[in-house]
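The values are calculated or read from the model by the stated rules, or taken from the named source; none is laboratory data. These numbers come from a predicted model, not from an experiment. Neighbour counts run over all protein chains shown; Cβ positions are idealised from the backbone, glycine included. What goes into the accessible areas is simple: the full protein's heavy atoms, side chains included, and nothing from ligands, DNA or RNA. Shrake-Rupley method; radii C 1.70, N 1.55, O 1.52, S 1.80 Å.
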Amino acid sequence: MTALDQKLHDIYDEVLHRNPGETEFHQAVYEVLSSLKPVVAKHPHYVDAAVIHRMCEPERQIIFRVPWLDDAGTVQINRGFRVEFNSALGPYKGGLRFHPSVYLGIVKFLGFEQIFKNSLTGLPIGGGKGGSDFDPKGRSANEIMRFCQSFMTELYRHIGEYTDVPAGDIGVGGREIGFLFGQYKRITNRYESGVLTGKGLTWGGSQVRTEATGYGAVFFVDEILKTSGDAFDGKRVVVSGSGNVAIYAIEKIHQLGGVVVACSDSSGYVVDDKGIDLELLKEVKEDRRERLQAYIDGRGGAADFVPGRLTWDVPCDIAVPSATQNELNGEDAARLIKNGAKIVAEGANMPCTPEAVKLFTEAGVKFAPGKAANAGGVATSALEMQQNASRDSWTFGYTEQRLAAIMHGIHQRCLDTADEYGAPGNYMVGANITGFIQVADAMLAQGLI
């Protein structure tokens, strides 16, 4: 191990020591540090000025109690989080996740990823993330409203359009954003549209925001295909998940000529060789909020449901993991490679384990990490902030063009940086280094922060 390797290793050891038990955060930090060897060799001042050390430590970590009444009149208590990780490029920006798996390590992993993702967009936004271990599944709309109001009663003092701008994530959609925004407005007596993104179209939201993460991932894959003179036409694609990201990834893939033949939820996956019926999927998952098994009934036996498994068993040209972190492991990666996958693009945040990424890289599979491929959601959130600031509202077509241009720019910057640092075609290296350098240079310019 060289001296510079040792310096990065020492930084990682310090992260482990200062953040015990936060395995997802450790994984996210290791992934970035593993790409930085050529950067610190060329620019040792990033280590000498402790920029990397500082970047691994959040500027602020907020943990709070969220008490609320359920429909039976029983007091429930959850824990709320907001990690404001890095504001070198702009106000903290990142979603809120409501899921029983949420704890500080998950929020810090997501916030750390968000620093680099937001940097890659080229827009003036810093990195942050938040959420709660509250589980909205099985809760009534009134219970969710009461929880959101209690959550915002504490969070409001930490956010603002020039300070920290949350959005949605797993478990937080348009309904929850509405409840949160209403409580913020009620407490502050201000109609501060830019304080939250993902709002409804009639009260400050942006066209394409709902579709943005899924669309953006597909635009990124389209750019990968173009580098070899290829296109989506006739490509067989599998997607994991069946939530917002998966649904709109499927929609855009079909528009571009690909065929999505499988998607999943926590109960199993559906295979539909003629292509997923998107309207039926939306009805089952968005309107009726049912398990994916109900899709089979609507298809009259034209599709199959495989319980307890993920979509990685299904042969494909392209895979888009769009459910949750570490859902695709080494065994899954080996199956995808054996079954012919040539491109894997992360629609979710860090859905591929390090072992899976290693196998993809060794097999020559083009791998697009989440901080690049799924940046479309936060990019369109930043576009929503622009519209709020100017009291403007853009058309769907114009906003989609802006999103496509941003994803094209991210793809090109990743490729150019990977070439510059001796890893041609490696999107992971390109994304990590591009995102890091922009934030590091801003931190150095602003003094010891």
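Quick notes
- Prolate/oblate/rounded label for segment 92-177 (Cα gyration tensor, a/c 1.5): prolate
- Label zone at residue 389 (point 7 Å along Cα-to-Cβ), backbone N below 13 Å, segment 86-100: 89-92
- Residue 201-residue 339 FRET efficiency (beta carbon distance; Förster radius 45 Å; 0.05 resolution): 0.65
- Nearest-20 debye value, segment 312-426 charge dipole, Cβ charges on Lys, Arg, Asp, Glu: 140
- For the pair segment 190-205 and segment 235-249, the centres of their Cα atoms are 27 angstrom apart.
- Descending by average beta-carbon neighbour count within 10 Å, the peptides 16-26, 120-130 line up as 120-130, 16-26, the highest first.
- Residues whose placed amide H lies under 5 Å from that of residue 242, excluding near-sequence neighbours: 264
- Measuring nothing but protein heavy atoms, the accessible surface of the chain at 1.4 Å probe radius is 51 percent carbon and sulfur.
- Charge dipole (the chain, unit charges on Cβ, about Cα centre) - positive-most of 396, 21, 224: 396
- Chain lengthening between residue 304 and residue 101 when straightened (0.36 nm per residue, less Cα-Cα): 70.1 nm
- Contact order normalised by residue count of the chain, Cα under 8 Å, 6+ apart, percent: 15
- Potential lengthening of the chain between residue 157 and residue 187 amounts to 9.8 nm, from the contour at 0.36 nm per residue minus the alpha-carbon distance.
- Pairs of lysine residues in segment 224-326 - Cα separation under 18 Å, sequence separation of 8 or more or cross-chain: 8
- The residue 448 and residue 273 beta-carbon pair, evaluated with R₀ = 35 Å, returns a calculated FRET efficiency of approximately 0.05.
- In plain terms, the C-alpha convex hull of the chain casts an average shadow of 21.1 nm² when viewed from every direction.
- Between segment 151-183 and segment 4-27, the alpha-carbon center distance in angstrom: 31
- Hits among lysines - C-alpha to C-alpha of residue 7 under 24 Å, sequence gap 8 or more where chains match: 37, 42, 108, 358
- Probe 1.4 Å, all protein chains present, accessible-area order of 299, 289, largest first: 289, 299
- Fraction of antiparallel bridges per DSSP, the chain only, in percent to nearest 5: 55
- Counting 0.36 nm for each residue step from residue 297 to residue 6 and taking away their Cα separation leaves a gain of 99.0 nm.
- Selected from 213, 324, 197 as most flexible by GNM, with the chain as the system and alpha-carbon contacts under 10 Å: 324
- Dipole in debye (nearest 20) - segment 86-214, about Cα centre, beta carbon charges: Lys, Arg +1; Asp, Glu -1: 160
- Of the peptides 361-372, 305-316, the ranking by mean beta-carbon count within 10 Å, highest at the top, reads 361-372, 305-316.
- For the chain, a crude dipole built from +1 on the beta carbon of Lys and Arg and -1 on the beta carbon of Asp and Glu, taken about the Cα centre, is about 800 debye to the nearest 20.
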